[in-house]
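The values are calculated or read from the model by the stated rules, or taken from the named source; none is laboratory data. Keep in mind it's a predicted model, so treat the numbers as computed, not measured. Positions of Cβ are generated from backbone atoms using ideal geometry, with glycine treated the same way; all protein chains shown enter the neighbour counts.
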Amino acid sequence: MRPLPFELFTYGATLTAVAYLRWRGLRMDWRTVEFMAGPMLAQLPRALAIGLVLHAVVLALRRERPGEWLRAVATPASLVVWLRVWLATMAMTYTYSWLKVSVPLLRWSVLDPTLWQLDRFVHFGLSPSIFAAELVAGTPVAGWLDRWYALWLTTVTGMLAYVFLHPRLDLRRHFAFACAALWITGAALYFALPAIGPCYAFEELFREVRTEMPRAAAAQATLWENYARLVAGRDGSLKQFNPYLGVGALPSLHVGAQVLFALWARRHARRLFVPLAAAAALTFLASLASGWHYAVDGYLGALLAIAALAAADRCEPLAEANRGAAAAPPRASST
């Protein structure tokens, strides 16, 4: 029961973030924990059910009986690790959400004009955002990308639920560390490089495609309402806001998460690598066409995913005996 590296990193980052926000004058008291802890704990049975269903589907596709897998994941050690990685993920979500939503209270300037120019410079004078929006406008692709981007949270939940029920406990810890490193570092970068995204900073350029992406348009309106409430409350009059509705462009953790999942699959579930890599590419294109992100946001998100995996390799290394077998796990016994 000693603290594990993924726990030390995640809980240490949480305490550091709370101390920093309190130092900057924000009221980070126990109520901020209660607001999130209850609903997140209530989702644990759902996460368990999703993980069980996904593993059952995988075993059925492989035509394997679930007995060996069930014996591996139903042990006390397995159940304890399952709970610990989910508790750390909750702490990660708490840290990420409060850091991100606090940016407009503590950083009053934004870097969107600079990022817009940087995007054009990197792409030889072409704006990837405008190109993507004009490319899909007036086509069914806009609606398809809109639906896919709206499923991002569902795909993240499914991936976490699946990996956190993997029979290899070292792989669960490794993945938990990589996820925490990605999201918490990303939230810190929102502070260092505050930006609201092209859909807000250059709204007029996305009016045409926004009508064809109603889910993105509705989400952008909801987030902007919360952001405007935070900005108006800088004078101390802020009374109510939603900590889950933070606005931040750089980096794109939508892209970063999908890249992380694809890289994980390349190592441990190679049949999933191509579809997950395609998912990352579609997420990147949707983030540009809808105006959520600049292209450099996606690039930085992908680099963060690579760095997060490298940090996990170092801090939560996989068991040496399993490294070679990780990419192609042995088939379960049919007896």
Restrict the check to the range 120-139 and report whether at least one residue is touching a residue at least 40 places away in the same chain (Cβ under 8 Å), within 30 Å of Asp235 (Cα to Cα) and exposed (fewer than 13 other Cβ atoms within 10 Å of the Cβ).
-> no
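Return the residues of the range 11-36 that are in a helix (DSSP H, G or I) and among the aliphatic types (A, V, I, L, M); say none if nothing qualifies. Lay out the reasoning, then the answer.
Let us first name the residues in the range 11-36 that are in a helix (DSSP H, G or I), namely 11-23, 30-36.
Correct list: Ala13, Leu15, Ala17, Val18, Ala19, Leu21, Val33, Met36.
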Any chance the range 286-293 includes a residue that's outside any helix (DSSP H, G or I), within 17 Å of the chain's Cα centre (by Cα) and either at negative phi or free of Cβ contacts under 8 Å to residues at least 24 places away in the same chain (or both)?
-> yes
Breaking point among (1) at pLDDT below 95; (2) buried (at least 20 other Cβ atoms within 10 Å of the Cβ); (3) under 18 Å from the mean Cα position of the chain (by Cα), for Ala176 | (1)
Residue in the range 4-11 that is modelled with pLDDT of 95 or more and within 20 Å of Gly248 (Cβ to Cβ) present | yes
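Tell me the residue from Ala257, Ala262, Ala310 that is more than 22 Å from Leu193 (Cα to Cα) and touching a Leu at 6+ places or on another chain (Cβ under 8 Å), please.
Step by step, each of Ala257, Ala262, Ala310 is checked, and only Ala262 is more than 22 Å from Leu193 (Cα to Cα) and touching a Leu at 6+ places or on another chain (Cβ under 8 Å).
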Which pairs do you get when a residue that is closer than 21 Å to Ile130 by Cβ, found in the range 295-307, comes within reach of a residue that is assigned to a helix (DSSP H, G or I) and of a type in the set (Phe, Trp, Tyr), reach meaning Cβ atoms under 6 angstrom, with the pair 6+ apart or on two chains?
-> Gly298/Phe284
Within the set of pairs 6+ apart or on separate chains, which have a first residue in the range 209-234 that is touching a residue at least 12 places away in the same chain (Cβ under 8 Å) and over 17 Å from Gly246 (Cβ atoms), a second that is β-branched (Val, Ile, Thr) and assigned to a helix (DSSP H, G or I), and C-beta atoms under 9 Å apart?
-> Val209/Val136; Glu212/Val136; Met213/Val136
Of everything in the range 22-39 that's surrounded by 14 or more Cβ atoms within 10 Å (Cβ to Cβ) and either at pLDDT 95 or above or not aliphatic (A, V, I, L, M) (or both), which residue is farthest from Val103 (Cα to Cα)?
-> Phe35
By residue number, the members of the range 1-52 that are hydroxyl-bearing (Ser, Thr, Tyr), free of Cβ contacts under 8 Å to residues at least 12 places away in the same chain and farther than 19 Å from Leu182 by Cβ are Tyr20
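Looking at the range 119-140, which of its residues are of a type in the set (A, V, I, L, M, F, W, C) and under 24 Å from the mean Cα position of the chain (by Cα)?
Ala132, Ala133
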Within the range 138-174, how many residues are part of a helix (DSSP H, G or I) and touching a Phe, Trp or Tyr at 6+ places or on another chain (Cβ under 7 Å)?
-> 4
